[in-house]
1. Restricted to segment 133-186, and to residues that are under 20 Å from residue 91 (Cβ atoms) and among the hydroxyl-bearing types (Ser, Thr, Tyr), which residue is most open to solvent (accessible area, probe 1.4 Å)?
2. Please indicate, with yes or no, whether at least one residue in segment 139-149 is of a type in the set (Phe, Trp, Tyr) and closer than 30 Å to residue 38 by Cβ.
3. Does segment 74-92 contain any residue that is at negative phi, in contact with a strand residue (DSSP E or B) (Cβ under 8 Å, 6 or more places away or on another chain) and touching a residue at least 24 places away in the same chain (Cβ under 8 Å)?
4. So is residue 42 free of Cβ contacts under 8 Å to residues at least 24 places away in the same chain, small (Gly, Ala, Ser), closer than 17 Å to residue 122 by Cα and exposed (fewer than 15 other Cβ atoms within 10 Å of the Cβ) or not?
5. Can you pull out every residue in segment 193-204 that is open to solvent by 80 Å² or more (accessible area, probe 1.4 Å) and in contact with a Gly (Cβ under 7 Å, 6 or more places away or on another chain)?
6. Here is a check on your reading of the model: is residue 190 of a type outside the set (Lys, Arg), surrounded by 15 or more Cβ atoms within 10 Å (Cβ to Cβ), without any contact (Cβ under 8 Å) to a residue 60 or more places away in the chain and in a helix (DSSP H, G or I)?
7. Tell me which of these residue 141 doesn't satisfy, since it passes every other one: (1) without any contact (Cβ under 8 Å) to a residue 60 or more places away in the chain; (2) under 28 Å from residue 25 (Cα atoms).
Amino acid sequence: MRTSRERETRPPTFTQRKRRDQLVDCAIDALAELGFQGTSVAEVARRAGVSKGVVTYHFAAKDDLMFAAVAEIFDSIKEFLENRLRGTSAERFVADYINAWVAYYRTRTRYVLAIREIWGNFRDDSGHQHFGPQAVAGELGVVQQVLEYGQANDDLGKFDARVMAVTIKASLDALLNQFATDPQLDLEAYGAELVTLFERATARSEA
């Protein structure tokens, strides 16, 4: 009989990886449909058609499932944004960045609804969020750098690049909150308004 320590140190088999992927997928679905409080080990087991023991074999507790779900979603976001923004210019970046996120909301809806639930509700024993502002610091830093590059090359106007990066991201978060409460929201129209707003705010003055 294998000990839990042996299971942790031995590389997972193909079958074990597939089972873990299935359980994470079920957790993401539960988060999107039932919210954080409604997502339990028992609910994930029910959706996967397995016993709770199978879930806890791979994930000792709900927290471990949540961390695995976050890793899956973050990897998805990174790949999606990199593909959409590859080759964009500093002048086009604001529009392309906003449109990329809008497209992600539309095509990966369950992922964004799940991460929204985790973001607001997943806390440690002291009540602090596991994923706070530091979780998006890297993304904000990249946006700020691109805006500063555009300013340095006179493609963009004069503004505080850090404030602009934070404000654009906050507007996208607000869009996600609207979309979560109103699934019929016209994402494309909302995104187009954001593009118009921020292109005006970052445009180089012609005067």
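The values are calculated or read from the model by the stated rules, or taken from the named source; none is laboratory data. Every value quoted in this text rests on a predicted model; they were computed, and no experiment measured them. Cβ sites come from the backbone with ideal geometry, for glycine too, and all protein chains shown count toward neighbours. We work out accessible area using only protein heavy atoms, side chains counted, and drop any ligands, DNA or RNA first. Shrake-Rupley method; radii C 1.70, N 1.55, O 1.52, S 1.80 Å.
1. Among those that are under 20 Å from residue 91 (Cβ atoms) and among the hydroxyl-bearing types (Ser, Thr, Tyr), it is 149.
2. No, segment 139-149 has no match at all.
3. yes
4. So residue 42 fails the test.
5. 204
6. Answer is no for this residue.
7. The failed condition is (2).
To keep it simple, each residue is scored yes or no on (1) at pLDDT 95 or above; (2) basic (Lys, Arg); (3) within 26 Å of residue 146 (Cα to Cα).
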position: 37; (1), (2), (3): yes, no, no
position: 50; (1), (2), (3): yes, no, no
position: 58; (1), (2), (3): yes, no, no
position: 95; (1), (2), (3): yes, no, yes
position: 107; (1), (2), (3): yes, no, yes
position: 126; (1), (2), (3): no, no, no
